[in-house]
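Engineer: Below you'll find the structure I mean.
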Amino acid sequence: MAKNPQLLDRWGNRVRRGELTKQDEPSMVGGVRSPLTGYPGDGLNPGRLANILKEADAGDPIRYLELAETIEERDPHYIGVLGTRRRSVAQLDISVEPGDDTPLAKEIAERVRTWLQRDELTDELFDILDALGKGYSFTKIIWDTSAGQYEPATLEWCDPRWFRFDRKDLKTPRMRHPETGQEEILPPFQYIYAPMKAKSGLPLRSGLARVALWAWLFKAYTQRDWAIFTQTYGQPLRIGKYGPGTSEDDQKKLFHAVANIAGDCAAIIPESMMIDFVEAKSLGASTDHYERRCDWLDKQTSKLVLGQTATTDAETGGLGSGKEHRQGQGGIERADAKQLAAIISRDLIRPWIQLEYGPDAPAPRLKIGRPEEEDLAAFSSALAPLLAQGLRVKPSEVLAKFGLSEPAAGEAVIGGKPENSASTAPQRASATGETGSAAPQSEFKGCFKQHLDGSGVTIATQAEEAPQGRSQPVSPEASLAARLETEGRVGMGAMLGQVEAMLAAASSFEEFREMLLASSDTLDAKKLQGVIAEAVLAGAVGGRAVVEEEANE
């Protein structure tokens, strides 16, 4: 393989490495790349705007681009919403994934990741996103070869008036020669060409500005009419009166006073003259429709650029309207971010990797966007019952979900189980020799153990524990509970035996549920009911005896 293999750009043009560091001709007044711009927005009317757009459609976009620049300077609402959309994408995090699993691919990805940490990158991405308004943008790549290797030094915004599109297809970008103005191929590996379409079609007809221009034009007419109306009817009508026999000089003095009093708010007139101020009535109702029309046009611009109006207009919607607006705006942001990542990968990262490592080097993949938000509350709610059913999960994966780290040995922790919790199972009875301990309480512990009793019925045998010596007298409540457990064991065992038999016969939990519901009236609970009735009666009698004993005291 040759030391410097021949490279081709996306259009099949040969890359000449010696021209990559060549600087463009500077902008000069009167030259092809003049920094001065026209102002086609002055005196604009619907007919002129239509002609400007037709010129752009035919391949001459200069006046359209100048007009798109004009509305960004003259319409505060348009530049506000467009800037919001551009900045929301320019500030997103960028992640880099290796092209494959080879060490070279990981090395390349790390190098690109380091380069993307430049502080200037946010402003450079903002300039590339100028394509959202105009439909496309061009950015010059300034290559740095001072260290004997290729690396992008800066990305410089280029005036889109310096470029054209091939007259045959109006799709392939062309550059105007800085001196002759002739259209020539776009120099390979020197420019980032970023078409970002608001609609399908030619780049010259896909910018947001084409639609925003009409809204701006109509709003300009409305604002002009509003200003004329306000000047004419917003101030009180000044009427000067003079009596019979007033000289012509006095009349002129009165007229000048009436004419000048609006701006100067001061005048002198003869004592015999009088000026009346007639206030315009119902002015607010007369001008309200101008304001409503301007607000309506601004809302249309918000919908055009942001996809919704909640971000710019302080209106209270329904319970779900705010969430729906955010989802719509988030969808537009993700689409812009994916498109921008594809453009940078195609016109910057891949050329860089090919220049530095060769045409077959694995180029990394760029991803621009916000991290996917996950409902951790729903995750916790779903995980808890699975863990209770015996699901085994790596603690590290759960910690990663919540952004937590595993504590090191000896570090102070919050929460968790005590270290000796496994060996501190509760005992039914207190240890021998304990003083002041509460009397032990009996607890029925039932479980399906598939044991057979003497009658051949499958029952759930109960946990048996050896009696323990006690140093304290047993309370009446504990004695009653222990007796209830003993006498109720037979009845409870019979019931659980029937339930366990149904569980063994059922083929699914749904079938077992139906069997259990159907047999709710046939379960043999007579023995257990009798024992419980006797226990309730004994408890009531014992309680009454305690009350009477306390009363006699």
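Engineer: What number results when the radius of gyration of the range 120-260, computed over Cα atoms, is divided by 2.2 N^0.38 Å?
Structural biologist: Computed over Cα atoms of the range 120-260, the ratio equals 2.01.
Engineer: Could you check the spin-label model distance between ALA533 and ASP60? Points 7 Å from the Cα along Cα→Cβ, value in nm.
Structural biologist: Here the answer is 10.8 nm between the modelled labels.
Engineer: Still on this structure, I have one more. Can you tell me the length gained on complete extension of the stretch ALA482 to ALA525, counting 0.36 nm per residue apart and subtracting the Cα distance?
Structural biologist: Net length gain for the segment: 13.5 nm.
Engineer: Between ALA378 and ALA259, with labels modelled 7 Å along Cα→Cβ, what's the label distance in nm to one decimal, could you check?
Structural biologist: Placing both labels 7 Å along Cα→Cβ, they lie 7.4 nm apart.
Engineer: I want to verify the translational diffusion coefficient of the range 1-149 in µm²/s; compute it with Stokes-Einstein, Rh as the Kirkwood radius over Cα pairs, at 10 °C and 1.306 mPa s.
Structural biologist: Details: Rh = 19.6 Å.
Result for D is 81 µm²/s.
Engineer: Separate question: Quick check: residue separation of ALA545 and ARG224 times 0.36 nm, minus the Cα distance between them. What number comes out in nm? Working shown, then result.
Structural biologist: Working: separation 321, 0.36 × 321 = 115.56 nm, distance 9.80 nm.
So the extension gain works out to 105.8 nm.
Engineer: Right, something else. So, in nm, how far is label ARG174 from label THR122 when the simple model puts each one 7 Å beyond its Cα toward the Cβ?
Structural biologist: 4.0 nm
Engineer: Each residue of the range 174-189 in order: what ³J(HN,Hα) in whole Hz does its phi give by Karplus 6.51 cos²θ - 1.76 cosθ + 1.60, θ = phi - 60°, with x for Gly and Pro?
Structural biologist: Karplus-based 3J(HN,Hα) across the range 174-189 equals 10, 10, 7, 4, x, 9, 8, x, 5, 7, 9, 5, 5, x, x, 6 Hz.
Engineer: Name the long-range amide H neighbours of TRP143: under 5 Å, sequence gap of 5 or more, or other chain; modelled H, no Pro or chain starts.
Structural biologist: For TRP143, the qualifying residues are ALA153.
Engineer: Another question about this same structure. Step by step: find N for the range 45-121, compute 2.2 N^0.38 Å, then divide the Cα radius of gyration by it. What's the final number? Numbers along the way, then the final one.
Structural biologist: Working: Rg = 20.8 Å, N = 77, 2.2 N^0.38 = 11.5 Å.
That works out to 1.81 for the range 45-121.
Engineer: Subtracting the Cα-Cα distance from 0.36 nm times the residue separation, let me have the gained length for GLN251 to ASP276 in nm, one decimal.
Structural biologist: Details: separation 25, 0.36 × 25 = 9.00 nm, distance 1.53 nm.
Fully extending the segment from GLN251 to ASP276 adds 7.5 nm.
Engineer: Among LEU92, GLY47, LEU116, which residue has its Cα furthest toward the positive end of the charge dipole of the range 18-144, with +1 on Lys/Arg Cβ and -1 on Asp/Glu Cβ?
Structural biologist: Ranked along the dipole, the leading option is GLY47.
Engineer: Accessible area per residue, 1.4 Å probe, Å², for the range 79-181: what's the number?
Structural biologist: On the way: 4710 Å² over 103 residues.
I get 46 Å² per residue for the range 79-181.
Engineer: Pull up all non-local amide H partners of THR37: gap of 5 or more, or a different chain, and H-to-H distance under 5 Å with H placed in the peptide plane.
Structural biologist: Amide H neighbours of THR37: none.
Engineer: In addition: Calculate, in whole percent, how much of the Cα-Cα pair population of the range 1-75 lies beyond 14 Å. Don't jump to the answer; show the numbers that get you there.
Structural biologist: Working: 2075 of 2775 pairs.
Of all Cα-Cα distances in the range 1-75, 75 percent exceed 14 Å.
Engineer: Could you pull out every residue, at least 5 positions away or on a different chain, whose amide H is within less than 5 Å of the one on ARG174? Hs are placed 1.01 Å off N in the peptide plane, and Pro or chain starts have none.
Structural biologist: For ARG174, the qualifying residues are ARG164, PHE165, ASP166.
Engineer: On to the next question. Using the beta-carbon distance between ARG513 and ALA408 and R0 = 60 Å, what value does 1/(1 + (r/R0)^6) give for FRET efficiency, to the nearest 0.05? Don't skip to the answer; put the middle values down first.
Structural biologist: Working: r = 48 Å, r/R0 = 0.80.
So, using R0 = 60 Å, E works out to roughly 0.80.
Engineer: Between VAL393 and LEU104, what's the calculated FRET efficiency when r is the beta-carbon distance and R0 is 56 Å? Round to 0.05.
Structural biologist: Values: r = 36 Å, r/R0 = 0.65.
The formula returns an efficiency of 0.95 here.
Engineer: For MET28, what accessible surface area do you get with a 1.4 Å probe? Give it in Å², rounded to 10.
Structural biologist: Spelled out: MET28, probe radius 1.4 Å, area about 120 Å².
The values are calculated or read from the model by the stated rules, or taken from the named source; none is laboratory data. None of the values given here were measured: they were computed from a predicted structure. FYI the Cβ positions are ideal-geometry reconstructions off the backbone, even for glycines, and counts take in every protein chain you see. Note: accessible area is taken over every heavy atom of the protein model, side chains too, but ligands, DNA and RNA are not part of it. Shrake-Rupley method; radii C 1.70, N 1.55, O 1.52, S 1.80 Å.
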